[in-house]
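Peer 1: Sharing a structure below in structure tokens format, with a few things to ask.
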Protein chains: 4
Amino acid sequence: MDLQIDINCDMGESFGNYVMGQDAEILNHVSSANIACGFHAGDPVVMAKTVQLAVQKGVAVGAHPSYPDLQGFGRRKMDMTPDEIEAMVIYQIGALDGFVRANGARLTHVKAHGALYNVAAQDPAVARAYARAVARYNPELAFVCLATGPMIIEEGQKAGLRVVREAFADRAYNADGSLVNRRLAGSMLTDPEKSAEQVIRLVRQGEIVAIDGTVLKLKADTVCIHGDGPTAPAIARALKERLLQESIRISVPVWEGQPA
Amino acid sequence: MDLQIDINCDMGESFGNYVMGQDAEILNHVSSANIACGFHAGDPVVMAKTVQLAVQKGVAVGAHPSYPDLQGFGRRKMDMTPDEIEAMVIYQIGALDGFVRANGARLTHVKAHGALYNVAAQDPAVARAYARAVARYNPELAFVCLATGPMIIEEGQKAGLRVVREAFADRAYNADGSLVNRRLAGSMLTDPEKSAEQVIRLVRQGEIVAIDGTVLKLKADTVCIHGDGPTAPAIARALKERLLQESIRISVPVWEGQPA
Amino acid sequence: MDLQIDINCDMGESFGNYVMGQDAEILNHVSSANIACGFHAGDPVVMAKTVQLAVQKGVAVGAHPSYPDLQGFGRRKMDMTPDEIEAMVIYQIGALDGFVRANGARLTHVKAHGALYNVAAQDPAVARAYARAVARYNPELAFVCLATGPMIIEEGQKAGLRVVREAFADRAYNADGSLVNRRLAGSMLTDPEKSAEQVIRLVRQGEIVAIDGTVLKLKADTVCIHGDGPTAPAIARALKERLLQESIRISVPVWEGQPA
Amino acid sequence: MDLQIDINCDMGESFGNYVMGQDAEILNHVSSANIACGFHAGDPVVMAKTVQLAVQKGVAVGAHPSYPDLQGFGRRKMDMTPDEIEAMVIYQIGALDGFVRANGARLTHVKAHGALYNVAAQDPAVARAYARAVARYNPELAFVCLATGPMIIEEGQKAGLRVVREAFADRAYNADGSLVNRRLAGSMLTDPEKSAEQVIRLVRQGEIVAIDGTVLKLKADTVCIHGDGPTAPAIARALKERLLQESIRISVPVWEGQPA
């Protein structure tokens, strides 16, 4: 039996003179890159370089849209109408896709960033506007959603999108399937071996062990590693090696109905 | 003999609560719209509305990229490297094209705004970076250039783009073919009849009469009317009526080699 | 007995090429100007001009800080920490005060704009951070608060500020003292005579008649007229004339303990 | 004889999640801090923290205004009118001074950043607008200028400001007194000992040795160390130690006519 998982990482989050992340190194170890679109991070030059590098390394390129909040790194919720959400998401996907087209490649997916990712998993009006934006831009795009977020998954499906369920390689889970708050101790898995174990169990058994020991059933198509921690490249490398040892293939999500 | 000219207008230059121009009215009278991309004017919501309206009215939609300068309305030159120019132009074309795609339409052209338009007509490094951005995004896009700017025309042609030569319906010309500075008296033609005469003579005879009476030979594929003056809709309407009276068809530029 | 009221107006809300409001005209009819600080509207040039004009006309100048949201005109709530609120308010007061000092004048008051005004009237943590910012900048500044917002009034007093209670000349009230939502019919008083009546009754009797006829008791030190409606100058002029007829003096708030 | 020099450093150039410089460490070794005002770097939270820290450590606080260009880190020249320059400088000084006042301290100086610093040293109209902004804000502020820029020094003096001549501890000089272009090899002195030697000779003999060995006469009141290089704290510490060994006091500039 052929085991497979997508490894995705948020990238292109430098801005002007400010450097964030070790994108060139991490791109060697992942199958999908979610690239910032200039609203929470990234600028046209950073986007141009990051997309080019991802395309050269054969990594699938997705847009990583956000609230317009560079100072808050897209982590602050903003009250926006559905029309505003829809328009700002189309704008960002289009801008990022500009670089993908300029490199002769094809945009594969969209994954919201920060507060937009979280709000879209909780607020149906935002979820619907966001999903509609993606579907209006291109209904063949994969729509990366919190695997433990049934509402956003449903909105993506209703919009006719290919929903990709996302789990996290370097985040701890609560017993109810939510992520442990970043501000709490133990929320981030910084030990590459622990991250690898979490992913292998997820792929092999469809399970995640929550921070209190509860075993959760979880179906995921992709796992995220964060690119901004100092240990990010180590986690990415260790994860790739361990998955290969376990004969788990790292590749973009396979769609039902697609030939495997 | 079938006479024809394209009438283009800069549009979508409102921003948030700030309204500029009378786009809905002017769209009834032009064949091409150059829509702001959020860098000198426009925001995602304004872009969404303007593109939708233009598509509904059958007006050709182009991107109108600018220096990143909302406060200066893109009229202030900025020192940017060729890489910065190229990336910011791809970003803006992609963003605008996002709305075009979301409306099931096709982007037809690119016309730089304000200081970028002027600098690109004078500085070969900027012209080259700008033309390369357009060609990398989509080499079939029309590239709208100052008809009296031989260098930018040549850079567009070298980049493999369809160059569209632009004259101005509502601006006065100097004897050397340059535009009379906006700050000088008589620089703007505010009388619709005068504008119409300038365009008709340009189409029929390939001539423009400069502010000092000199007759200039000028080949143009499109004429611009500015959308932000109070008389803009009147000029647009008058121009359309007079051209129809003169049996001059208003339509997007026809390419050599294309069937007319 | 000497009757007196302050008339304040939000101003300096143009931005770059975008013109909003008829500040020069309205400044002839009000005693206090709340000038935008560049976060929801205004830019350094607009601020320089507006402050200079207000100082020339002898109108008291206050800062009108906002969430950082030019596209949303400061009307969209943003999740910000108290530290972020405090710092952004100090920044904006300082920036506006720069122009006041450059004109040899003295900043008199602070009034939050849009969503910040509303959130500060409802969320004690935001109210406290906002009041602390003003008090840390200069504890002698007047702190303009919703007259029907007891919590923000209390936070202003606790911070040691001179609290100024604000009512609205051109807005309708609900029976509970809140403002009728802008999106509902009848929310804005566009008839100058009706506005004048509302203010005169407020000054003479300390009462406002709500939209359903309920008579509310209300103590107010200042009344706001909005500067952005087309009838704003007419309302301002009518209000001034009617108040003078009624022998009500228009001047900045008088502090308890101050000589009248 | 009492030898003395001011050591200044650009600071507060982090932005949101992006960290730049090692301000807390460098503040232990300098006498003056030039703090970014949010236009090329810095945001209100960063400004609040940096000013507080500088005040706590007894370091003189100055404003470090820039062109409005976060993406370009203020290093790209923009065409701005004198009125625009003047207004944007007043805005930034006021904003920074807001935090200084909130900390009960006093703003001591202004030093332009990046392209604005360079343009002001070459373009008399910009120099005049910039000096006028500072003088209008507060004529007692020190005005930090390129020691090898006679025009900007003269404009500062004409505006009635206290001109402070600046040399660079970590930059190499050309024989004509200009700085070696950052893009050329040897432009940055990264060896703390070399930096210290350059400063000591400057203080003792009023001389700088240019990159080609030429000895330049130079009068300077302050020397700048850049805060953004990895060796910045080492240079700052070494410089302080060496100057103390040489019995050179590190303190803010002393004005002629002041008691030493």
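Peer 1: For D:SER66, are the conditions met, namely being among the hydroxyl-bearing types (Ser, Thr, Tyr), surrounded by 20 or more Cβ atoms within 10 Å (Cβ to Cβ) and more than 14 Å from chain C (Cβ to nearest Cβ)?
Peer 2: no
Peer 1: If you go through the stretch A:138-153, how many residues are open to solvent by 30 Å² or more (accessible area, probe 1.4 Å) and under 16 Å from A:ASN8 (Cβ atoms)?
Peer 2: 1
Peer 1: With the condition kept exactly as written, say whether any residue in the stretch B:102-112 is more than 15 Å from B:VAL61 (Cα to Cα) and open to solvent by less than 10 Å² (accessible area, probe 1.4 Å).
Peer 2: Within the stretch B:102-112 (the criterion being more than 15 Å from B:VAL61 (Cα to Cα) and open to solvent by less than 10 Å² (accessible area, probe 1.4 Å)), the answer is no, since none of the residues qualifies.
Peer 1: Considering only residues of the stretch A:46-57 that are closer than 16 Å to A:MET20 by Cα and of a type in the set (Val, Ile, Thr), which is surrounded by the most Cβ atoms within 10 Å (Cβ to Cβ)?
Peer 2: That would be A:VAL51.
Peer 1: State all residues of the stretch B:158-174 that are of a type in the set (Phe, Trp, Tyr) and within 16 Å of the chain's Cα centre (by Cα); if no residue qualifies, say none.
Peer 2: B:PHE168 - this is the single residue of the stretch B:158-174 that is of a type in the set (Phe, Trp, Tyr) and within 16 Å of the chain's Cα centre (by Cα).
Peer 1: Against the conditions (1) within 15 Å of the chain's Cα centre (by Cα); (2) touching a residue at least 12 places away in the same chain (Cβ under 8 Å), where does C:LEU179 fall short? Just the number, please.
Peer 2: All conditions pass for C:LEU179, except number (2).
Peer 1: Further question: Search the stretch C:114-138 for residues that are of a type outside the set (Lys, Arg) and pair each with any residue that is open to solvent by 40 Å² or more (accessible area, probe 1.4 Å) and not in a helix (DSSP H, G or I) when their beta-carbon atoms are under 8 Å apart and the residues are at least 6 apart or on different chains.
Peer 2: From the stretch C:114-138, the pairs are C:GLY114/C:ARG75; C:ALA115/A:ASP79; C:ALA115/C:ARG75; C:ALA115/C:LYS77; C:ASN118/C:LYS77; C:VAL119/C:LYS77; C:ALA135/C:GLY160.
Peer 1: Which members of the stretch D:82-123 meet the condition of being small (Gly, Ala, Ser) and out of contact with any helix residue (DSSP H, G or I) (no Cβ under 8 Å at 6 or more places or on another chain)?
Peer 2: Those that are small (Gly, Ala, Ser) and out of contact with any helix residue (DSSP H, G or I) (no Cβ under 8 Å at 6 or more places or on another chain): D:GLY114, D:ALA115.
Peer 1: Still on this structure: Going residue by residue through the stretch D:93-103, is there one that turns out to be facing another protein chain (nearest Cβ under 9 Å) and among the charged types (D, E, K, R)?
Peer 2: Yes, the stretch D:93-103 contains a residue that is facing another protein chain (nearest Cβ under 9 Å) and among the charged types (D, E, K, R).
Peer 1: Does C:ILE211 satisfy the criteria of being closer than 27 Å to C:GLY114 by Cβ and surrounded by fewer than 18 Cβ atoms within 10 Å (Cβ to Cβ)?
Peer 2: When the stated conditions are applied, C:ILE211 passes them.
Peer 1: Let me ask something else about it. Inspect the stretch A:126-137 for any residue being among the small types (Gly, Ala, Ser), modelled with pLDDT of 95 or more and open to solvent by 10 Å² or more (accessible area, probe 1.4 Å) and give the result as yes or no.
Peer 2: Yes, that holds for at least one residue.
Peer 1: Under 7 Å between Cβ atoms, which residue pairs at least 6 apart in sequence (or on different chains) link something in the stretch B:228-247 that is under 25 Å from B:PHE15 (Cα atoms) and touching a residue at least 60 places away in the same chain (Cβ under 8 Å) with a partner that is of a type in the set (Gly, Ala, Ser) and assigned to a helix (DSSP H, G or I)?
Peer 2: From residues that are under 25 Å from B:PHE15 (Cα atoms) and touching a residue at least 60 places away in the same chain (Cβ under 8 Å), the pairs are B:ILE235/B:SER195.
Peer 1: Just one of (1) surrounded by 24 or more Cβ atoms within 10 Å (Cβ to Cβ); (2) touching a residue at least 60 places away in the same chain (Cβ under 8 Å) trips up C:ALA60, so point out which.
Peer 2: (1)
Peer 1: Criterion first (at pLDDT 95 or above, open to solvent by 10 Å² or more (accessible area, probe 1.4 Å) and part of a loop (DSSP other than H, G, I, E, B)) does C:GLY160 satisfy it?
Peer 2: The answer is yes for C:GLY160.
Peer 1: May I pose another question? Filter the stretch C:15-45 for residues that are open to solvent by 20 Å² or more (accessible area, probe 1.4 Å), over 13 Å from C:HIS113 (Cα atoms) and either within 14 Å of chain D (Cβ to nearest Cβ) or of a type in the set (Ser, Thr, Tyr) (or both) and give the result.
Peer 2: Hits for the stretch C:15-45 are C:GLY16, C:ASN17, C:VAL45.
Peer 1: Give the stretch A:73-92 a look and list any residue that's facing another protein chain (nearest Cβ under 7 Å) and open to solvent by less than 20 Å² (accessible area, probe 1.4 Å), or say none.
Peer 2: Listed by number, the residues that qualify are A:PHE73, A:ARG76, A:MET78, A:ALA87, A:MET88, A:ILE90, A:TYR91.
Peer 1: While we're here: Which ones in the stretch D:163-180 are surrounded by fewer than 16 Cβ atoms within 10 Å (Cβ to Cβ) and either closer than 21 Å to D:VAL252 by Cα or of a type in the set (Gly, Ala, Ser) (or both)?
Peer 2: Selection gives D:ALA175, D:SER178.
Peer 1: Sort out which residues of the stretch D:104-143 are within 18 Å of the chain's Cα centre (by Cα), under 21 Å from D:ARG76 (Cα atoms) and among the basic types (Lys, Arg), and write them in order of number.
Peer 2: Once the filter is applied, which keeps residues that are within 18 Å of the chain's Cα centre (by Cα), under 21 Å from D:ARG76 (Cα atoms) and among the basic types (Lys, Arg), the stretch D:104-143 yields only D:LYS111.
The values are calculated or read from the model by the stated rules, or taken from the named source; none is laboratory data. Note that the structure is predicted; figures quoted are calculated from it, not measured. In this analysis, Cβ positions are derived from the backbone assuming ideal geometry, glycine residues included, and neighbour counts consider all displayed protein chains. These area figures cover heavy atoms from the full protein model, side chains too; ligands, DNA and RNA do not enter into them. Shrake-Rupley method; radii C 1.70, N 1.55, O 1.52, S 1.80 Å.
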